[in-house]
Amino acid sequence: MDCKQYIAEKLNIENFDINTVAGYIETPPDTTLGDYALPCFFLAKILRSSPVKIAETLKDKFTIDEVITEVNAVGGYLNFKIDRKSFAAELLKEIALKGENYGADTVGAGKTVCIDYSSINIAKPFHIGHLSTTVIGSALCKIFRFLGYKVVGINHLGDYGTQFGKLIVAYKLWSSREQVLSGRLKELTRIYVKFHEEAKLNPALDDEARHYFHLIEQGDKESNELFNLFKKITLEEVDRIYEMLNVTFDSYAGESFYNDKMAAVVRELKEKNLLTVSDGASIVDLSAYDMPPCLILKSDGSSLYATRDIAAAIYRKNTYDFDKCLYVVAYQQNLHFKQFFKVLELMGKSWAKDLVHVAYGMVSLESGSMSTREGKVVLLEDVINKTVEKAYKVIEEKNPELKNKDKTARAVGTGAVIFGALSNNKIKDIVFSYDRVLSFEGETCPYVQYTITRCFSVLKKAGKPKAFVCPDMCQAEYAVISELGKFSDVIKSAAEKYEPSYITRYAIDLAQAFSKFYIDCKIACEDENTRNFRLALTRAVKTVLINALTLLGIDYVEEM
Ligand code: ARG
């Protein structure tokens with residue numbers, strides 16, 4: 001039951017399509033004037049009339065029915081009242097019927113979205129800086145899939161560059177297969193750091209590193225074997241973390257995957273007269289667009305980050321024929337994306353407009369909570385483990401009898417990390433605080449998970465809801481219904497704005513509405529009809545909160 005759509009269809013305003021009008025319809029926080037409202041200001045220009053007049057004309061044309069029972073024009077707004085009882089009955093029926101598919105849609109059917117996210121660098125630690133791209137990208141994948149899109153999740157691995165030559169030199173001098181296999185990423189980091197220290201004293205090491213990097217590029221067997229070993233170790237390490245966060249990928253085609261696809265890009269750029277040589281390097285001049293030039297080839301002929309991204313975009317278009325290709329990457333890389341998007345546009349790729357840089361802010365830890373001061377990186381795995389440990393302690397305090405404390409602590413701890421990273425508008429820098437993300441009172445994941453356990457416990461005690469006739473609802477009951485009715489819209493806006501935080505916000509609002517209802521209304525009350533209605537409401541809240549968390553990659557528990 002999508003009331004906004006229903007109203008928009010009934011209004012059928014000329015020169016405006018139904019979806020646009022539905023998009024403008026609001027649910028006012030104070031429902032005394034109406035359950036839905038259409039501000040008519042956006043219509044004024046095209047309809048050449050004042051919002052007040054437009055609202056009045058629309059009101060006169062509108063016929064009320066069994067769903068929309070009242071319509072009023074007030075100062076440029078058109079306010080609608082709905083038959084709350086039939087709306088509630090329909091909605092609860094639909095949620096019960098659709099269950100885990102409630103909120104899903106087919107708007108994306110036949111369309112493909114590529115999402116480039118996490119995109120870690122091989123042989124480098126997986127640190128807190130990767131948290132946002134990983135969880136935002138993963139949530140967007142799940143959201144778009146839920147809306148019927150075909151989604152290709154891509155981990156554009158940073159697996160190209162002289163650093164791999166350095167690693168091979170360092171490996172040969174100071175490490176061994178055994179040491180790498182047991183020490184893993186830590187060992188790779190150790191020898192990489194050592195290389196830099198030694199190279200300061202002995203610059204010849206750098207030449208050697210370049211030599212080995214060329215060997216990798218030329219397909220030399222031994223060098224590639226080592227390179228693949230480093231890659232394998234890194235991926236095994238990060239897979240553990242991806243598993244904790246419910247993150248998966250459809251492709252791991254990284255930068256080196258494009259080694260044999262860049263010559264064609266350079267050729268095309270030359271043919272289209274876009275390449276100029278400057279200080280020996282080949283560049284695309286972007287001064288006409290107020291941007292520094294985009295570097296395509298260094299003077300020694302080697303490719304750059306942008307060259308590989310151009311090749312990757314073309315490859316993705318040819319392979320997946322995407323309708324959109326998203327890049328979930330920190331805003332520090334704004335210029336890079338603007339530059340290579342522009343180059344593709346200049347190459348005449350009409351689909352360059354479908355490339356979107358989904359930028360996000362930085363995550364840092366509260367000062368003093370970890371050894372960032374000592375210049376050490378904060379490993380993501382350590383942050384997750386520490387949050388899980390803290391969650392375990394809280395659970396032990398609150399509910400020492402609980403079975404499955406480990407499983408619960410994992411769901412609560414990792415959920416807190418994910419939800420914490422998704423809670424803000426994505427472009428904001430965030431400071432991660434263990435206590436804040438784990439608080440049971442604040443606008444947090446544990447609060448939402450706790451609300452779900454409340455629903456489970458109510459339903460366990462009182463049994464499944466049976467058939468009911470929707471009763472007159474009090475304010476608290478209707479507030480829950482009104483929130484439940486927004487879910488489908490929220491998912492669509494989250495996809496449209498690339499903002500999973502709309503869903504975290506929504507989960508909090510619904511949980512808060514439920515808490516108020518839980519306090520105000522006795523669910524297991526005497527009157528059978530009311531009891532069944534309230535139980536159906538509780539079950540619907542449980543379903544929708546679980547669906548919301550699932551879209552974010554967060555698990556729930558039945559008890560905590
Ligand atoms: N590996 C890069 C980094 O850590 C991010 C890659 C993002 N994706 C892309 N297609 N450029 O900065």
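The values are calculated or read from the model by the stated rules, or taken from the named source; none is laboratory data. Please read all numbers here as calculations on a predicted model, not as lab measurements. Cβ placement follows ideal geometry from the backbone for every residue including glycine, while neighbour counts extend to all protein chains displayed. Note: areas computed on protein heavy atoms with side chains; ligands, DNA, RNA excluded. Shrake-Rupley method; radii C 1.70, N 1.55, O 1.52, S 1.80 Å.
The Cα trace of the range 121-249 gives Rg and Dmax of 17.2, 58 Å, the first to one decimal, the second as a whole number.
At 1.4 Å probe size, with every protein chain present, just tell me what the per residue accessible area of the range 415-487 comes to in Å². Walk me through the intermediate numbers first.
Values: 3140 Å² over 73 residues.
Using a 1.4 Å probe on heavy atoms only, each residue of the range 415-487 averages 43 Å².
Distance between the modelled labels on Asn228 and Thr189, one decimal in nanometres: 2.7 nm (7 Å Cα→Cβ projection).
Using packing as a proxy for protection, rank 68-75, 218-225 so that the peptide with the highest average count of other Cβ atoms within 10 Å comes first.
Values: 68-75: 15.9, 218-225: 12.5.
Taking the mean over residues of other Cβ atoms within 10 Å, the ranking is 68-75, 218-225.
Distant-in-sequence amide contacts of His127, defined by a placed amide H-H separation under 5 Å and a gap of 5 or more residues or a different chain, comprise Leu380.
Restricting to Cα atoms and excluding each atom paired with itself, what does the Kirkwood estimate give for the range 441-502 in Å? Working shown, then result.
Values: mean 1/r = 0.0690 Å⁻¹.
Taking the inverse mean of 1/r over all distinct Cα pairs, the range 441-502 comes out at 14.5 Å.
For the chain, the list of Cys residues with no other Cys C-beta under 4.7 Å reads Cys3, Cys40, Cys141, Cys294, Cys445, Cys455, Cys470, Cys474, Cys521, Cys525. Each pair of Cα atoms in the range 7-112 enters the Kirkwood radius, and Stokes-Einstein at 4 °C and 1.567 mPa s then converts it into a translational diffusion coefficient of 84 µm²/s.
With a probe of 1.4 Å, find how much accessible area the range 277-352 has per residue, and write the answer as a whole number in Å².
Values: 3380 Å² over 76 residues.
That works out to 44 Å² for each residue.
Using a 1.4 Å probe on the protein chains only, how many percent of the accessible area of the chain belongs to carbon and sulfur?
Values: 13040 of 26090 Å².
Carbon and sulfur together cover 50 percent of it.
Helices of the chain meeting both criteria, an alpha-carbon length of 24 angstrom or more along the long axis and an average Kyte-Doolittle score not below -0.5, with helices taken as full DSSP H segments, are 405-422, 445-462, 501-520, 528-552.
Dividing the convex hull volume of the Cα atoms of the range 283-425 by its residue count, what figure in Å³ per residue is obtained? Output value, Cα hull per residue: 195 Å³. Full extension of the chain segment joining Leu365 with Gln475 gains 35.5 nm, where the gain is 0.36 nm per residue of separation less the Cα-Cα distance. Sorting the segments 26-32, 109-115, 532-538 by their residues' average number of neighbouring beta-carbon atoms within 10 angstrom, most packed first, yields 532-538, 109-115, 26-32.
Here the range 114-157 yields Rg over Rh of 1.04, to two decimals, using C-alpha coordinates and the Kirkwood radius.
What number, rounded to the nearest 500 deg cm²/dmol, is the helix-based mean residue ellipticity at 222 nm of the chain, given -39500 (n - 2.57) per DSSP H run of at least four residues and division by all its residues?
Working: 21 runs with 302 residues, N = 560.
Here the helix-only value at 222 nm equals -17500 deg cm²/dmol.
The simple Förster model, with R0 at 25 Å and r as the Cβ-Cβ distance, assigns Ala281 and Val431 a FRET efficiency of 0.05.
Quick one: length gained pulling Asn19 to Thr106 fully straight, 0.36 nm per residue minus the C-alpha distance? Provide the component values of the computation, followed by the final result.
On the way: separation 87, 0.36 × 87 = 31.32 nm, distance 1.47 nm.
This chain segment gains 29.9 nm when fully extended.
Calculated on C-alpha atoms, the gyration radius of the chain divided by its Kirkwood radius gives an Rg/Rh of 1.04. If the segment from Leu173 to Lys516 were pulled out straight at 0.36 nm per residue, it would be longer than the present Cα-Cα gap by 116.9 nm. Summarising the overall dimensions of the range 191-289 from its C-alpha atoms, the Rg and Dmax are 18.9, 49 angstrom.
Reported to two decimal places, what Rg/Rh ratio describes the range 379-518 when computed on Cα atoms with Rh from the Kirkwood expression?
1.01
When Lys and Arg each count +1 and Asp and Glu each count -1, what net charge do the other residues less than 11 Å away from Thr234, Cβ to Cβ, add up to? Spell out each step's value before the answer.
Numbers: positive: Lys124, Arg184, Lys231, Lys232; negative: Asp159, Glu236, Glu237, Asp239.
Net charge in that neighbourhood comes out at 0.
Note on Ser457/Lys61: beta-carbon distance plugged into 1/(1 + (r/R0)^6) with R0 of 60 Å gives a FRET efficiency of 0.75. Take the convex hull of the alpha carbons in the range 258-305; its mean projected area over all directions comes to 3.5 nm². Using only Cα coordinates, the Kirkwood hydrodynamic radius of the range 93-178 works out to 16.1 Å. Solvent exposure of Tyr305, expressed as accessible area, is near 80 Å², computed with a probe of 1.4 Å over the protein chains only. For the range 264-348, the average shadow cast by the Cα convex hull is 6.0 nm², which is a quarter of the hull's surface.
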